[in-house]
Amino acid sequence: LAKNSELGLNYLLAVFLISPLISALHIHAVAEVRAGRTPRLSDIAARGLHVLPTAAATAIMTTLGIVIGFVALIVPGIILTFRWYVAVQAAAIEHEGWLPAIRRSRELTQGVYVHLFGFGILIGIIAEVPLLLGRAGVTGHDTLAAAFIGGVLLHAFALAFTALATALLYFDLAARQGTGSPQRELGDVGPEDAQ
């Protein structure tokens, strides 16, 4: 698919659907661990799917805003990237909607841009280096089943690692700001409670 016109569609699905879902799953799993409970896949999956529309809407709006910021003058795009760093996580765990999630991310990231820059560099290195090495190892053989399976596993690692690290970052920023952990962040709000 990557060699055909579906590449754009695959990218959009990854950015606007798969990545928000993985982020929602990971932040709810971290919330369960923070509450002293063992995450159960069925509960985490139900919560993640329940908040997926809000998380996806947040991902769409923040990505569009950041792209427009980069097109406008580059600097606004950089600022928005930092401001909205944990917007999807806020949308997934706080159940308030995409606009409040964007505001919450701005509150949490205020004054810690250098911290976020370092975090982003480290996460980028850890997540992207295996992908680059994997691509280099299969150059010219990208149609083989082993190359496909290896690529899927490397992408899964990169997405999962980034989502887990960003979930931990969200809770760290909330703790630093002293906004605590409302019950909804501790995983007490499930799909049945939020209705």
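The values are calculated or read from the model by the stated rules, or taken from the named source; none is laboratory data. Note that the coordinates shown come from a computational prediction; the quantities given were computed from them, not determined experimentally. With ideal geometry, Cβ positions are generated from the backbone for all residues, glycine too; neighbour counts draw on all protein chains shown. Only protein heavy atoms, including side chains, enter the accessible area calculation; ligands, DNA and RNA are left aside. Shrake-Rupley method; radii C 1.70, N 1.55, O 1.52, S 1.80 Å.
Worth pointing out:
- Residue-normalised accessible area of region 22-79, expressed per residue, 1.4 Å probe, Å²: 52 Å²
- Sparse packing (at most 14 other Cβ atoms within 10 Å of the Cβ) combined with a DSSP loop state is found for the following trypsin sites (Lys or Arg not before Pro) in region 1-99: 3, 37, 40.
- The length gained on full extension between residue 40 and residue 60, counted as 0.36 nm times the residue separation minus their Cα-Cα distance, comes to 4.4 nm.
- Within the accessible surface of region 18-174, defined with a 1.4 Å probe on protein heavy atoms only, the carbon and sulfur portion equals 73 percent.
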